[in-house]
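The values are calculated or read from the model by the stated rules, or taken from the named source; none is laboratory data. Just so we're clear, the structure is a prediction, and the values are computed from it rather than from any experiment. Using ideal geometry, Cβ is built from the backbone for each residue, glycine included, and neighbour counts are taken over all protein chains shown.
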Amino acid sequence: MDRSQKADSVAQLNAVFNEVGVVVVTRNLGLSVAQSTALRVKMREAGATYKVAKNRLATIALKDTQYEGLEAHLNGPTALAWSVDPVAAAKAAVDFAKTNDKLEIVGGAMGATKLDEAGIRALASMPSLDELRGKLVGLVNAPATKVAQLATAPAAKLARVFGAYAAKDAA
């Protein structure tokens, strides 16, 4: 990698760090290419990105971002996962680490809040942004459904009464 490629890589990572909601630092303990590909697919499905970055370049890219301070986690064979949704990257990384012991969660940050491994695992246990939106829509929609049911119930009862009288007269 020559100097211009390194500068481009640092600029891209810095732009990412200024836009995302969470960054998770993982340690690769010998993932095969197939396992790494499976992890990237799982991340992409969750709306996150997984990238192996040189520690030195990532450290430079972290400067002047809210994730400054993650440099302590960047030693050894590390990789970064990030997403705009504060839960997606953490959830995908923790789910993959449960089934594969070659991926270790080191730590991360959610905005300016630094998280250790336990913090990332706790973040992963929270519902995602889409799940929260679904619950909110369900809560808002439920009272409207109840009102509609209450409004139509008297008419339905009246129709059943008329039906019973008609059946009685027909018999």
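Would you point out the residue of segment 25-59, among those that are under 14 Å from residue 14 (Cα atoms) and of a type outside the set (S, T, N, Q), that is surrounded by the fewest Cβ atoms within 10 Å (Cβ to Cβ)? Show your work before the answer.
Within segment 25-59, the subset under 14 Å from residue 14 (Cα atoms) is 51, 53-59.
Subset that is of a type outside the set (S, T, N, Q): 51, 53-54, 56-58.
Working: 51: 15, 53: 18, 54: 16, 56: 12, 57: 19, 58: 26.
My answer is 56.
Scanning segment 92-110 for residues that are touching a residue at least 60 places away in the same chain (Cβ under 8 Å) and in contact with a strand residue (DSSP E or B) (Cβ under 8 Å, 6 or more places away or on another chain) yields 93, 97, 102, 103, 104, 105, 106, 107, 108, 109, 110.
Which one of 12, 66, 35 is out of contact with any strand residue (DSSP E or B) (no Cβ under 9 Å at 6 or more places or on another chain) and either over 19 Å from residue 106 (Cα atoms) or modelled with pLDDT of 90 or more (or both)? Give the steps one after another, and end with the answer.
Numbers: 66 fails: out of contact with any strand residue (DSSP E or B) (no Cβ under 9 Å at 6 or more places or on another chain); 35 fails: out of contact with any strand residue (DSSP E or B) (no Cβ under 9 Å at 6 or more places or on another chain).
Criteria check complete, one pass: 12.
Give the residue that is farthest from residue 116 (Cα to Cα), with candidates limited to residues of segment 52-70 that are of a type in the set (Ser, Thr, Tyr) and not in a helix (DSSP H, G or I). The residue in question is 65. Residue 111 meets each of the listed conditions (1) within 17 Å of the chain's Cα centre (by Cα); (2) at negative phi; (3) not aliphatic (A, V, I, L, M) apart from (2). Any residue at all in segment 60-80 that is surrounded by 15 or more Cβ atoms within 10 Å (Cβ to Cβ), without any contact (Cβ under 8 Å) to a residue 40 or more places away in the chain, in contact with an Asp or Glu (Cβ under 7 Å, 6 or more places away or on another chain) and in the same structural domain as residue 110 (by TED's automatic domain parsing)? So far as segment 60-80 goes, no, none of its residues is surrounded by 15 or more Cβ atoms within 10 Å (Cβ to Cβ), without any contact (Cβ under 8 Å) to a residue 40 or more places away in the chain, in contact with an Asp or Glu (Cβ under 7 Å, 6 or more places away or on another chain) and in the same structural domain as residue 110 (by TED's automatic domain parsing). Taking helices (runs of 4 or more DSSP H) as the structural unit, those lying wholly within segment 76-171 and holding at least 3 residues that are modelled with pLDDT of 90 or more correspond to 88-99, 117-124.
Only residues in segment 1-30 that are in a loop (DSSP other than H, G, I, E, B) count as the first member; pair them with residues that are basic (Lys, Arg), Cβ under 6 angstrom, at least 6 apart or cross-chain, and list the lot. These pairs meet every condition: 29/102; 30/102.
Each row is one residue, and each column tells you yes or no for (1) under 14 Å from residue 35 (Cα atoms); (2) hydrophobic (A, V, I, L, M, F, W, C).
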residue	(1), (2)
61	no, yes
71	no, no
74	no, yes
77	no, no
81	no, yes
88	no, yes
91	no, no
98	yes, no
102	yes, no
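When segment 7-25 is examined, which residues are found to be out of contact with any helix residue (DSSP H, G or I) (no Cβ under 6 Å at 6 or more places or on another chain) and of a type outside the set (A, V, I, L, M, F, W, C)? Passing the criteria: 8, 12, 18, 19, 21.
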